[in-house]
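K.L.:
Submitted below is the structure of interest, expressed as structure tokens.
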Amino acid sequence: MRSLALTLALMSLPPMAQAQVTSQAVCDTTAVIVSKAQALRMQGKTGPEAVEMLSAEYSDRSEAFRGSAIPMLVNDFVYLQPEAAMKEDLAAFWKQTCLSTDLSAVLPAD
């Protein structure tokens, strides 16, 4: 499920952001978003509340965080996970997967 969520989140990025997504900075930032979404879920916030809060915080930082990227990260990578997964470090898993994914296999060609 998590690799599908990663693929969907990466594909939801605008084309310019897709080219940048392999960079350490983008993987670091998206890992922080996943961590914050996980914390919000553990505090009892709903998925839509977390999306609204994190979109407001990150959408002005880069084109990579506009559109459907944050909703996909929050909803598919955090909120669709079973409760037991909340004991795991989802951000570390995300970052490791983000840095090691061959994006040419999941992103459309130009």
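The values are calculated or read from the model by the stated rules, or taken from the named source; none is laboratory data. Predicted, not measured: the structure shown is a model, and the values here were computed from it. With ideal geometry, Cβ positions are generated from the backbone for all residues, glycine too; neighbour counts draw on all protein chains shown.
K.L.:
Would you confirm whether any residue within region 18-38 is touching a Ser or Thr at 6+ places or on another chain (Cβ under 9 Å), surrounded by 13 or more Cβ atoms within 10 Å (Cβ to Cβ), modelled with pLDDT under 90 and not in a helix (DSSP H, G or I)?
P.N.:
Scanning region 18-38, I find at least one residue that is touching a Ser or Thr at 6+ places or on another chain (Cβ under 9 Å), surrounded by 13 or more Cβ atoms within 10 Å (Cβ to Cβ), modelled with pLDDT under 90 and not in a helix (DSSP H, G or I), so the answer is yes.
K.L.:
Taking region 61-100 only, how many residues are outside any helix (DSSP H, G or I) and under 17 Å from Q43 (Cα atoms)?
P.N.:
5
K.L.:
Please identify the pairs in which a residue from region 90-110 that is at pLDDT below 50 has its Cβ atom under 8 Å from the Cβ atom of a residue that is in a helix (DSSP H, G or I) and surrounded by fewer than 15 Cβ atoms within 10 Å (Cβ to Cβ), counting only partners at least 6 apart or on another chain.
P.N.:
D110/P15
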